1. Mind telling me which of the residues Lys83, Lys43 ends up being among the basic types (Lys, Arg) and at pLDDT 95 or above?
2. When the residues of segment 42-74 are filtered to those that are surrounded by fewer than 12 Cβ atoms within 10 Å (Cβ to Cβ) and either acidic (Asp, Glu) or touching a residue at least 12 places away in the same chain (Cβ under 8 Å) (or both), which remaining residue is farthest from Pro6 (Cα to Cα)?
3. For segment 15-44, give me each residue that is among the small types (Gly, Ala, Ser) and over 17 Å from the mean Cα position of the chain (by Cα).
4. Applying the selection to segment 1-23, what residues are under 18 Å from Val35 (Cα atoms) and among the aliphatic types (A, V, I, L, M)?
Amino acid sequence: MDLSGPDAIDQAIAAGIDLDGSPLPESMLTLYREVMDKEGQRKRSGVRKSMRNRVVRTGAKHFDQATLNARLIDAGWEGLKDKEISFFYS
């Protein structure tokens, strides 16, 4: 199984294995599935807000603070919020 790319985690969870091939404990899988089922039932507030949240969460791993902030603004979103800077860059 190829465990690379943006769907690697979901594929591994579905297979019940960690990225190193070791099995995931059933108790972890059960809790994860329960939480994801609840999340799947939650009403959404908007695609743009969700997109921005994903960009910030993932972008902070790949861009420095100034670059991510500028890219957000250039794309039409608000720049990084103080709480995001504290969480991802402190």
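1. Details: Lys43 fails: at pLDDT 95 or above.
Sole residue among the options that is among the basic types (Lys, Arg) and at pLDDT 95 or above: Lys83.
2. Asp74
3. Initially, segment 15-44 is screened for residues among the small types (Gly, Ala, Ser), giving 15-16, 21-22, 27, 40.
Once the filter is applied, which keeps residues that are among the small types (Gly, Ala, Ser) and over 17 Å from the mean Cα position of the chain (by Cα), segment 15-44 yields Ala15, Gly16, Gly21, Ser22, Ser27.
4. Once the filter is applied, which keeps residues that are under 18 Å from Val35 (Cα atoms) and among the aliphatic types (A, V, I, L, M), segment 1-23 yields Ile9, Ala12, Ile13, Ala14, Ala15.
Here is a yes/no grid of residues against (1) under 17 Å from the mean Cα position of the chain (by Cα); (2) among the basic types (Lys, Arg):
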{"residue": "Asn53", "(1), (2)": "yes, no"}
{"residue": "Thr58", "(1), (2)": "yes, no"}
{"residue": "Lys61", "(1), (2)": "yes, yes"}
{"residue": "Thr67", "(1), (2)": "no, no"}
{"residue": "Glu78", "(1), (2)": "no, no"}
{"residue": "Glu84", "(1), (2)": "yes, no"}
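The values are calculated or read from the model by the stated rules, or taken from the named source; none is laboratory data. Being a predicted model, the structure only gives us computed values, none of them experimental. All Cβ positions, glycine included, derive from the backbone under ideal geometry; neighbour counts span all protein chains shown.
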